[in-house]
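Beneath this line is the structure, given in structure tokens, with notes to follow.
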Amino acid sequence: MKYLILTIMLVSSIVANDKLRQSALYYGLKAVPKDLASLQKELDLDKGELSFEKVSLGKKLFYDKNLSLGRDISCASCHNFQKGGADGLSTAIGHKNQENPFHLNTPTVLNTAFSKQYFWNGRSDSLQDQAKGPLQAKFEMAITPKLAEQRIKENKAYEKMFLDAFGTKEISFDKIASAISSYEKTLLTRGKFDRFLDGDLKALNKKEKEGLNLFITKSCVGCHNGIGLGGQNLRRFPLVHHKIWSMKTIDEVNSLKKKYNAFLVNLNESKKYYKMEFNDNKSLIAFLEKSFGKEDLKLLREGFFHLYPEQIAYKEIVSKACISCHDKRNNEVDRDKLAKIVFPFENKGGFLGKDDPQRYFRVPLLRNVVKTNPYFHNGGIKKLEEAIKIMVQHQHRTKITDDEVEKLVAFLKAVDGEFVEYVRE
């Protein structure tokens, strides 16, 4: 009987683990290819794209500081493999120590072959096109296509490498970017999570499997899917304008908006009253609490005016129609105000994503994410645990316990991996 019970428990465990694996596959999670042929098929590339010669050339160019105007930085300068393919800085630093003017940080280069869009606003749809951006940006490598070609031609060793890679000694900016992107497509990592997806049901421990289950049930997988666990599309962040409203339903938000608008309509009738009675902050608080109730007033204060000193916040409420970031006369977004209040962290740089100020961002890759802090587009959050809490609250609009966060972190650590060595026949 004892052995029968143990057998039943073992079978049940195997079934549960396989069910979790099938669920992960169903929601679009996939393992990194183990061999070159599988990788080429996954990326829909011909053999020449990842040839030994082209990848070798791309690697040399990736580390070549002559491709920067000051001959002092290379692609590798901002994509440190020890830091998950990023640089560990809240904002990227380039030519003459210039900071990115929008305070944007460096996305990882690892596993980015599986992305469909690049840059924080998704403005490029290929790695080759993406590679041209940092080379030419004045605050990054600051080189021109013509000068880049001239610098590479100075090194005669490149002639044979270009001949072997492209069948011609001709050196062009397009070929430079093409070779770099080919090398970047091989910067892939595999870990325990990949082995689990491949069928090794013992690859993940209990906590890691519980983290994977949470990753699915908390809807993280809705955006962070595919082989790279992200990079497939653009998503709005955060889903609502004001951080405190993320814990409220749409109906509750709309109800308060109506209540606030009604308050504004009747405000003129109250002017005589508040001119007489609002001699101090206390009387103003009492009036507003009577108008809205403590709970709704808290939403208004912290949802709209949390960056302002308290008294100024109240004066703002009774003097201006600030329920939204829209000018009522022309319905245009007040971009500066939105940039200040929209994110659950300080938005240095004021960046608001694609088609500013729509707040659509490329979904970041979560492979190696345990090494790519600080997080979000401007490095506003240092700890992964805090980033997870923010995403659950502001994208899933629910709560998460510290124990659940710990399990999610355990899962993401299992996603982290080592470089795959693709053997070329």
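The values are calculated or read from the model by the stated rules, or taken from the named source; none is laboratory data. Note that this is a predicted model, so its numbers are computed, not measured. So basically every Cβ, Gly included, is an ideal-geometry build from the backbone, and we count neighbours across all protein chains shown.
The table for this structure:
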quantity	calculated
Total residues in segment 394-425, condition polar (S, T, N, Q) and buried (at least 18 other Cβ atoms within 10 Å of the Cβ)	1
Whichever residue in segment 103-131 is out of contact with any Ser or Thr (no Cβ under 8 Å at 6 or more places or on another chain) and surrounded by fewer than 19 Cβ atoms within 10 Å (Cβ to Cβ) and, among such residues, is nearest to Gln40 (Cα to Cα)	Lys116
Residue in segment 137-149 that is of a type outside the set (A, V, I, L, M), in contact (Cβ under 8 Å) with a residue 40 or more places away in the chain and more than 22 Å from Pro107 (Cα to Cα) present	no
Qualifying position, being surrounded by fewer than 19 Cβ atoms within 10 Å (Cβ to Cβ) and either of a type in the set (Gly, Ala, Ser) or within 21 Å of the chain's Cα centre (by Cα) (or both), among Ala165, Ala157, Ala177	Ala157
Residues within segment 92-101 that are surrounded by 19 or more Cβ atoms within 10 Å (Cβ to Cβ) and either among the hydrophobic types (A, V, I, L, M, F, W, C) or within 15 Å of the chain's Cα centre (by Cα) (or both), tallied	1
Some residue of segment 97-108 being outside any helix (DSSP H, G or I), touching a helix residue (DSSP H, G or I) at 6+ places or on another chain (Cβ under 6 Å), under 26 Å from Asn121 (Cβ atoms) and not aromatic (Phe, Trp, Tyr)	yes
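Residue by residue, here is whether (1) assigned by TED's automatic domain parsing to the domain that holds Asn155; (2) more than 21 Å from Gln232 (Cα to Cα); (3) among the aliphatic types (A, V, I, L, M); (4) at pLDDT below 95 holds:
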{"site": "Ile8", "(1), (2), (3), (4)": "no, yes, yes, yes"}
{"site": "Ala16", "(1), (2), (3), (4)": "no, yes, yes, yes"}
{"site": "Leu29", "(1), (2), (3), (4)": "no, no, yes, no"}
{"site": "Gly58", "(1), (2), (3), (4)": "yes, yes, no, no"}
{"site": "Tyr63", "(1), (2), (3), (4)": "yes, yes, no, no"}
{"site": "Leu69", "(1), (2), (3), (4)": "yes, yes, yes, no"}
{"site": "Ala86", "(1), (2), (3), (4)": "yes, no, yes, no"}
{"site": "Asn111", "(1), (2), (3), (4)": "yes, no, no, no"}
